[in-house]
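The values are calculated or read from the model by the stated rules, or taken from the named source; none is laboratory data. Keep in mind it's a predicted model, so treat the numbers as computed, not measured. Methodologically, a virtual Cβ is constructed for each residue, glycine included, from the backbone with ideal geometry; neighbour enumeration extends over all protein chains shown.
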Amino acid sequence: MENIDKEHIWHPYASVLNPRSTFKVESADGVYLKLEDGTSLIDGMSSWWSVIHGYNNETINTAINEQTSKMSHVMFGGLTHEPAIELTKKLLNILDDELKYVFYSDSGSVAIEIAMKMALQYFYKEGQNRKNRFLTVKRGYHGDTFGAMSVCDPVTGMHSIFSEFMAKNYFVSEPKSKFDGDFDKSELDEVTKLLEEKNEEIAAIIIEPIVQGAGGMRIYHKDYLVGLRELCDKFDVLLIFDEIATGFGRTGKLFAYEHTGIIPDILTIGKALTGGYMTMAATITTQKVAEGIEKDGNILMHGPTFMGNPLACKVASTSIDLLFKNNWEENVLRIEKYLKENLSICEELDDVKEVRVIGAIGVVELYKNVDMEIATKEFIKRGVWIRPFMKLIYIMPPYISTEDELQKIIDAIYGTIKVLNK
Ligand SMILES: *Cc1c(COP(=O)(O)O)cnc(C)c1O
């Protein structure tokens, strides 16, 4: 039974028959993962964007214990509870006033499916689906369920495997103007032309605002999104912002749409919603969209078993409180400044194409794909946990990370690239 993990358990995007090494975590505290053999690693990934306050947070632990003794779960059909009401109040408080109807679900991918259903139902008229395709940009990532996959980058999203089964959507080039640079208006030509030709088929544009996450860790100009908003209004197309990665302060604003001055018709959040403690996501929309969905007496057709799970709601409320109590903005801007000043040292290495930083996100793009076995070993040797992807070594540390911890991460990246270079 010693090799149960190696012999029987699938890990994300990994072989179950020829598994790579995994590392057994015994516990986690603050920014540290503690492995079974006693090794302590600084988590540079916040467990995939989620653990913004660090691990084993006393305030969240207490909230969980209190909530479990009241109720961990109760169905949401016909019932409601204080944790859902409290969380919704907090979300409405931190979101734009226009975003006001909240649908809770259990994971980011499901929140995307729901956003897509909302858009399709908005344009549904008794007996006819007026618009039933989506438009998106290349290099995006929106999750692994079929609807979500159909709007992920066609190459890294491996559309070829499922092409016969999957919905066919429209793709335009990824936004290219840099966040801090000038905006090249011609970037909007492709999407403008497509909308002129196909707007009668297209229900919504879906995009990760400002930062494209898992599909390339790309940081782009806000005016691309301002342009999309104008085009959506002109061609009667909804705009969906996927903030599952960028939400809750990660880019230096509480939500990335705040960089733009515009708001989407539908917003998805997840990952850091519960501070990385539980699985939970939400899809939030406006009066206009809710009314559109419910015209002709229709209702939104979705209802997960664990919808509005009280324990997850309680944890999410506590996490939002902690953001403010711990001055998230000050911390994220502190991390941004430190990364901008110090991660850039990697640019002096021949193998490095570019270093990019926004908020508490740092990206080192190499010319070649990273050898994962070697990189992981080197990172662990240097006391950090970082999981590269293709040509990207990227970090999004917990907001509590100190300068010393950030420096250790930067040293580990620099040292590992030098080893990979050999
Ligand atoms: C992670 C992610 C998702 C999918 O969320 P899951 O909880 O993994 O299903 C969707 N969109 C973005 C932008 C993400 O980063």
From the residues in the stretch 160-173 that are under 22 Å from ALA119 (Cα atoms) and within 24 Å of the chain's Cα centre (by Cα), which one is surrounded by the most Cβ atoms within 10 Å (Cβ to Cβ)? ASN169
Say whether the condition of being closer than 25 Å to GLY275 by Cβ, β-branched (Val, Ile, Thr) and not in a helix (DSSP H, G or I) is met by at least one residue in the stretch 46-64. yes
Looking at the structure I just gave you, is TRP49 within 16 Å of the ligand (Cβ to nearest atom) and in contact (Cβ under 8 Å) with a residue 60 or more places away in the chain? yes
Selected residue (only one of THR279, THR260 is at pLDDT 95 or above and away from the ligand (no atom under 13 Å from the Cβ)): THR260
Conditions (1) modelled with pLDDT under 95; (2) away from the ligand (no atom under 12 Å from the Cβ): number failed by ILE219: (1)
Just give me the residues in the stretch 392-418 being buried (at least 24 other Cβ atoms within 10 Å of the Cβ) and part of a helix (DSSP H, G or I), in sequence order. ILE409, ALA412, ILE413, THR416
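Using the structure shown, decide if THR246 is free of Cβ contacts under 8 Å to residues at least 60 places away in the same chain, closer than 30 Å to LYS391 by Cβ, buried (at least 23 other Cβ atoms within 10 Å of the Cβ) and within 16 Å of the ligand (Cβ to nearest atom).
Values: free of Cβ contacts under 8 Å to residues at least 60 places away in the same chain: yes; closer than 30 Å to LYS391 by Cβ: yes; buried (at least 23 other Cβ atoms within 10 Å of the Cβ): yes; within 16 Å of the ligand (Cβ to nearest atom): yes.
Spelling it out, THR246 is indeed free of Cβ contacts under 8 Å to residues at least 60 places away in the same chain, closer than 30 Å to LYS391 by Cβ, buried (at least 23 other Cβ atoms within 10 Å of the Cβ) and within 16 Å of the ligand (Cβ to nearest atom).
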I'm told ALA281 meets every condition in (1) closer than 30 Å to ASP184 by Cβ; (2) under 18 Å from the mean Cα position of the chain (by Cα); (3) not acidic (Asp, Glu) except one. Can you identify the failing condition by its number? (1)
Condition check: away from the ligand (no atom under 13 Å from the Cβ), in contact with a helix residue (DSSP H, G or I) (Cβ under 9 Å, 6 or more places away or on another chain) and farther than 28 Å from GLN212 by Cβ. Does ALA290 satisfy that? yes
All but one of (1) assigned to a helix (DSSP H, G or I); (2) within 16 Å of the ligand (Cβ to nearest atom) hold for LEU87; which doesn't? (2)
Enumeration of residues in the stretch 232-243 that are buried (at least 22 other Cβ atoms within 10 Å of the Cβ) and either within 16 Å of the ligand (Cβ to nearest atom) or more than 21 Å from the chain's Cα centre (by Cα) (or both): CYS232, VAL237, LEU239, ILE240, PHE241, ASP242, GLU243
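I need the full set of residues from the stretch 115-140 which are crowded, with 23+ Cβ neighbours inside 10 Å and either in a strand (DSSP E or B) or within 15 Å of the ligand (Cβ to nearest atom) (or both), in order please.
ALA115, MET116, PHE134, LEU135, THR136, VAL137, ARG139, GLY140
To keep it simple, each residue is scored yes or no on (1) in contact (Cβ under 8 Å) with a residue 24 or more places away in the chain; (2) within 15 Å of the ligand (Cβ to nearest atom); (3) on the phi > 0 side of the Ramachandran plot.
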residue: ARG250; (1), (2), (3): yes, yes, no
residue: LEU254; (1), (2), (3): yes, no, no
residue: LYS271; (1), (2), (3): yes, yes, yes
residue: GLU294; (1), (2), (3): no, no, no
residue: THR305; (1), (2), (3): yes, no, no
residue: GLU330; (1), (2), (3): no, no, no
Helices (runs of 4 or more DSSP H) lying entirely in the stretch 143-210 (those with 1 or more residues that are within 30 Å of LEU254 (Cβ to Cβ) and more than 16 Å from the ligand (Cβ to nearest atom)): 189-198
Output the number of residues of the stretch 390-422 satisfying the condition of being out of contact with any helix residue (DSSP H, G or I) (no Cβ under 9 Å at 6 or more places or on another chain) and of a type in the set (Phe, Trp, Tyr). 1
If we ask which residues in the stretch 248-268 are under 15 Å from TRP328 (Cβ atoms) and of a type in the set (Val, Ile, Thr), their number turns out to be 1
For the stretch 192-231, which residues satisfy the criterion of being surrounded by fewer than 23 Cβ atoms within 10 Å (Cβ to Cβ) and of a type in the set (Val, Ile, Thr)? THR192, ILE219, VAL226
With respect to GLY78, is the statement that it is without any contact (Cβ under 8 Å) to a residue 12 or more places away in the chain and away from the ligand (no atom under 16 Å from the Cβ) true? yes
